[in-house]
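For reference, the structure discussed in these notes is given below.
The values are calculated or read from the model by the stated rules, or taken from the named source; none is laboratory data. For clarity, every value in this text was computed on a predicted model and none was experimentally measured. Here the Cβ is made from the backbone with ideal geometry for all residues, glycine too, and neighbour counts use every protein chain on show. Side chains are part of the model used for accessible areas, which takes the heavy atoms of the whole protein and leaves out ligands, DNA and RNA. Shrake-Rupley method; radii C 1.70, N 1.55, O 1.52, S 1.80 Å.
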Amino acid sequence: MEYLSLPPGLLTASMAARACGVKPATIRDWVRRGILTRAGGSPKRPYYRVTDVTEAMLAAKPSRPGQRGVTAA
């Protein structure tokens, strides 16, 4: 269930995922990894600032050898 009305400049996890072209699980992963921070809401229905989502989308994502999609040099 989505919020009926959010203040301007805020997105739900599903809205942020749609804006970034990723799945909502990726948004939750970015939060877990410290790439994105919540701007409020409840633990089950957080929301995020548009500027934070944009920065997270453009941020370099740390990777490690052996991770899927990463080739060892």
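Counting the residues of region 37-66 that are within 17 Å of P8 (Cα to Cα), among the hydrophobic types (A, V, I, L, M, F, W, C) and assigned to a helix (DSSP H, G or I) gives 2.
Can you find a residue in region 41-48 that is under 19 Å from S63 (Cα atoms) and open to solvent by 70 Å² or more (accessible area, probe 1.4 Å)? Within region 41-48, none of the residues are under 19 Å from S63 (Cα atoms) and open to solvent by 70 Å² or more (accessible area, probe 1.4 Å). One residue stands out among those in region 26-36 that are assigned to a helix (DSSP H, G or I) and within 8 Å of the chain's Cα centre (by Cα): the one that is surrounded by the most Cβ atoms within 10 Å (Cβ to Cβ), which is I27.
The conditions of being of a type in the set (A, V, I, L, M, F, W, C), touching a Lys or Arg at 6+ places or on another chain (Cβ under 7 Å) and either modelled with pLDDT of 90 or more or surrounded by 10 or more Cβ atoms within 10 Å (Cβ to Cβ) (or both) are met by L10. Taking region 13-25 as the range and being farther than 15 Å from E55 by Cβ, out of contact with any Phe, Trp or Tyr (no Cβ under 9 Å at 6 or more places or on another chain) and open to solvent by 50 Å² or more (accessible area, probe 1.4 Å) as the test, the residues that pass are R18, G21, K23, P24, A25.
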